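Coordinate-derived values only; no laboratory data. None of the values given here were measured: they were computed from a predicted structure. Here the Cβ is made from the backbone with ideal geometry for all residues, glycine too, and neighbour counts use every protein chain on show.
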Amino acid sequence: MSTEIQEIRKLLKMRSESAPADEYFEDFLAEFHLRQRQDLMKRSARSLLMERVGVWIREMGRTKWMYGAGAAYALLIIGFFAWPKGNVPKEGVEPVSWEVPEQKVLHFEHDPEGKKQDVSPKPAEF
Amino acid sequence: MAENANDPDHELVRRAQEGDTKAFDELVIKYSRKLYGLVYNMTSNKEDTHDLLQDIFAKAYRSLRHFRGKSTFYTWIYSIATNMTLNFLKKRGRRKGLSLDDEESGIQNDTSFVDQGHRANPRRQSNIHELQKKLNEALQALSEDHRAVVTMFDIQGMPHAEISKILGVSEGTVRSRLYYAHQQLQGHLEDFWKR
């Protein structure tokens, strides 16, 4: 190992002796306790809510089945109306008509001079 | 429940798992200094170190019931600390480089990084301080994985076998990372040596 690397390792080793004062770690522990209490309160609030919901459902007795059925029925109705239907046309789009439009048919008579003459009835005759 | 009776912290861990918060406090007091050193040398920032250390012990406290004692408690919490610090650094690396805050609270301005044996010699002290600054720059230039092995081996004096267990790599990988990191550090400080 080169002397430079040995020197580098010595310098790195010096860093292990460096640390904050003891007061820092006492304050650190106090802050950790505060954080533990806050975490506990958050978890307590959540678990308390779940527990209360559970108790409420249990205390309902047989009526809970009615509430459950009612909620399921309401969801079905909402789902039925909210679900997109395939046959509903989009707004602004005209449905395709199945009628065949009348086509103007051109009638030509054979002209001795070779010119074709349009003898289709005039519009007024329709 | 902790199974490893050879673990020096076996009794404290058992009590903490049963809900004894004072037992966990003793573990915090016992290992916070060592873990502070790990995180600080990896992040080079005091504020980040403080926040990370709080997160590390909070995670250890929440996960303690899952600790089965297959390793010592120290190895277990050290793994948590290393993984959280590496994840933090990878996220930080994706954001941006050095900020003004880092300049002020970084390790290069830490007056405790002074050779205690040369306090009487201000010139030598100043050289050491400058060298430590340069060394810190060189350390920060390493990848997170290389910086981790240097911190654990060179700074904290951990054996290769333990480092490999904590990082989940082979001992050969630990040695090769160390070799590469030392070469990089030497290259970075080459200009300084030439003065």
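Greater than 29 Å separation of Cα atoms is the criterion. Which listed pairs, B:K59/B:K90; A:K10/B:K91; B:K22/B:K91, meet it? Working shown, then result.
Details: B:K59/B:K90 19 Å; A:K10/B:K91 31 Å; B:K22/B:K91 34 Å.
Too far apart for the 29 Å limit: A:K10/B:K91; B:K22/B:K91.
Take B:T49, B:T85, B:T72 and order them by how many other Cβ atoms sit within 10 Å, fewest up front. Can you show the working numbers first?
Values: B:T49 23, B:T85 27, B:T72 19.
So the ranking, lowest neighbour count to highest, is B:T72, B:T49, B:T85.
For segment B:1-97, what Kirkwood radius comes out of the mean inverse Cα-Cα distance, in Å?
Numbers: mean 1/r = 0.0718 Å⁻¹.
Taking the inverse mean of 1/r over all distinct Cα pairs, segment B:1-97 comes out at 13.9 Å.
Could you pull out every residue, at least 5 positions away or on a different chain, whose amide H is within less than 5 Å of the one on A:S18? Hs are placed 1.01 Å off N in the peptide plane, and Pro or chain starts have none.
For A:S18, no residues qualify.
Could you give the nm distance between label points at A:R58 and B:F192, where each point is 7 Å from its Cα heading toward the beta carbon?
6.6
How far, in nm, would the chain grow between A:A21 and A:W83 when pulled straight, counting 0.36 nm per residue and subtracting the alpha carbon separation?
Value of the extension gain: 15.8 nm.
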